[in-house]
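**Student:** Would you mind keeping the following structure in view while I ask a few things?
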Amino acid sequence: MAVIDPAEEINELVGTLNSVQDVLDLDVMRKQIEELGDQAAAPDLWNDQDRAQKVTSRLSYLQGEVNRVESLGRRLEDLGVLYELAAAEDDEETREEAGRELASLRSDIGALEVRTLLSGEYDAREAVVTINSQAGGVDAADWAQMLLRMYIRWAERKGYPTEVYETSYAEEAGIKSATFTVKAPYAYGTLRGEHGTHRLVRISPFDNQGRRQTSFAGVDVVPVVETTDHIDVNEDDLRVDVYRSSGPGGQGVNTTDSAVRLTHLPTGIVVSCQNERSQLQNKATAMAVLQSKLLERKRQEEAAALNEIRGESTTSWGTQIRNYVLHPYQIVKDLRTGTEAGNPSAVLDGDLDEFIESEIRWIRRQESGVDG
């Protein structure tokens, strides 16, 4: 195996980073930061809370992206100096430190490069994620709750705000379903590859004979709807149910019957919201989630129609996508990309980046018609 000269690899990484900067267009980003900074400084900003949150969230995201790119540039410069110092002093310890930093930069720049692949129509949107327990009884309900925690922890690691709209608790343990939003730019493009069935194999903590149990949970990811989307919902197509929210063990969360469930009769889509105190607020939030799901349905139908015109088969990601095996050995494996991790505990604690980055590349290849 040929040994790559570190100086050559640094030059390659500099070239990659320059390409990424061209795609991201940092000058435009800096101009937007300046404009958003002016808006954020306006004394009446918080008179409209929704607009204020969008302004501050977008500003924080853009500042983070620019800082990330600039930091990588500085680290590449420093790395070149570190290798020169190691060579000048023939210092093995410094050379090893430089090698570790080179590996870290290779990983970080690769992750940033993945961000440039998010160019789909809705990729820049925030995401609505719904998790449902499937086959496997109480183990499946527990598994659904484990997945909910995994995604919330992933978002926390990234500094992405989340809001849980609805949680339907199972009788014995775990949850039947949950819906939450990830309120960060490009959350949909980042997470849409997580859509599908996730399979868990483990010794069941609910089986007094200690038998191995396989359970399944479904993850649904849709883009947050925006005012420009024109997703109209006819009130006559809706069934509205009002009920009292409940937490684990059945205790009441709200003192009034304020939770709202909407059923869209033509499609059978059901959404709920229980996190607001007001029935009116819960209905408005549930309606926004329903519109997001209808938007994604429309996107999928349009993609399928286009594929039919092209004579291509439709690729479905709504099938089993990933195995999490905790017994008799430990591994998490993605069935589409082949990405594996030997530490399921870390993955279930939100360490998902390797899986997400590889599936973004995989989706891009599928959509561009490139095999492999």
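Only the coordinates and a few stated rules stand behind these numbers; no lab work does. All of these numbers come straight from a predicted model, not from anything done at the bench. Every residue, glycine among them, receives a Cβ derived from its backbone with ideal geometry; neighbour counts consider all protein chains shown.
**Student:** Can you list the residues, at least 5 places off or on another chain, whose amide H is less than 5 Å from the amide H of TYR165, using H built in the peptide plane?
**Tutor:** Residues meeting the amide H criterion: THR179, PHE180, THR181.
**Student:** According to the Kirkwood expression over distinct Cα-Cα pairs, how big is the hydrodynamic radius of region 90-157, in Å?
**Tutor:** The answer is 16.2 Å.
**Student:** If you plug each phi of region 32-40 into the Karplus form 6.51 cos²θ - 1.76 cosθ + 1.60 with θ = phi - 60°, what whole-Hz ³J(HN,Hα) values come out, in order, with x for Gly and Pro?
**Tutor:** 5, 4, 5, 5, 5, x, 5, 5, 5
**Student:** If you don't mind, there's one more thing I want to ask. Using a simple spin-label model with points 7 Å from Cα along the Cα→Cβ vector, what separation in nm is obtained for THR263 and ASP5?
**Tutor:** Each label point is offset 7 Å from its Cα along the Cβ direction, giving 7.1 nm.
**Student:** Post the alpha-carbon centroid distance, region 83-150 to region 174-227, in whole angstrom.
**Tutor:** For region 83-150 versus region 174-227, the Cα centre distance is 18 Å.
**Student:** Can you run phi through the Karplus equation (6.51, -1.76, 1.60; θ = phi - 60°) for region 348-358 and list ³J(HN,Hα) in whole Hz, with x for Gly and Pro?
**Tutor:** So the J values, rounded to whole Hz, are 5, 9, x, 7, 10, 4, 4, 5, 5, 5, 5.
**Student:** Right, another one. Compute and list, largest first, the equivalent-ellipsoid semi-axes of the chain from the alpha carbon gyration tensor, each √(5λ) rounded to a whole angstrom.
**Tutor:** Three semi-axes, in Å: 39, 28, 21.
**Student:** Pop a pseudo-label 7 angstrom from the Cα along the beta-carbon direction at both TYR243 and ARG30 and give the gap in nm to one decimal.
**Tutor:** Going from the TYR243 label point to the ARG30 one covers 5.5 nm.
**Student:** Evaluate region 44-153: find the radius of gyration of its Cα atoms, find its Kirkwood radius, and give the ratio Rg to Rh.
**Tutor:** 1.18
**Student:** In percent, how large is the relative contact order of the chain, given Cα pairs closer than 8 Å and 6 or more residues apart?
**Tutor:** Reported as a whole number, the value is 15 percent.
**Student:** Related question: For GLU101 and ALA303, FRET efficiency with R0 = 51 Å and r from the beta-carbon atoms, rounded to 0.05?
**Tutor:** On the way: r = 42 Å, r/R0 = 0.82.
Calculated value: 0.75.
**Student:** Could you give the angle, 0 to 90 degrees to the nearest 10, between helix 49-89's Cα long axis and the longest principal axis of the Cα atoms of the chain?
**Tutor:** 30
**Student:** Follow-up question, since we're still on this one. Given Cα pairs under 8 Å that are at least 6 residues apart, what percent is the relative contact order of region 81-200?
**Tutor:** Relative contact order of region 81-200: 28 percent.
**Student:** Can you list the lysines whose alpha carbon sits under 27 Å from that of LYS333, skipping same-chain ones fewer than 8 residues off?
**Tutor:** LYS158, LYS176
**Student:** With +1 assigned to the C-beta of every Lys and Arg and -1 to the C-beta of every Asp and Glu, and no other charges, what is the dipole magnitude of the chain about the Cα centre in debye, to the nearest 20?
**Tutor:** Here the chain has a charge dipole of around 1820 debye.
**Student:** In addition: Work through the residues other than ILE231 whose Cβ is under 15 Å from its Cβ and net out their charges, Lys, Arg +1 and Asp, Glu -1. Show your work: numbers first, answer last.
**Tutor:** On the way: positive: ARG125, LYS293, ARG297, LYS298, ARG299; negative: GLU121, GLU226, ASP229, ASP232, GLU235, ASP237, GLU296, GLU301, GLU302.
Net charge in that neighbourhood comes out at -4.
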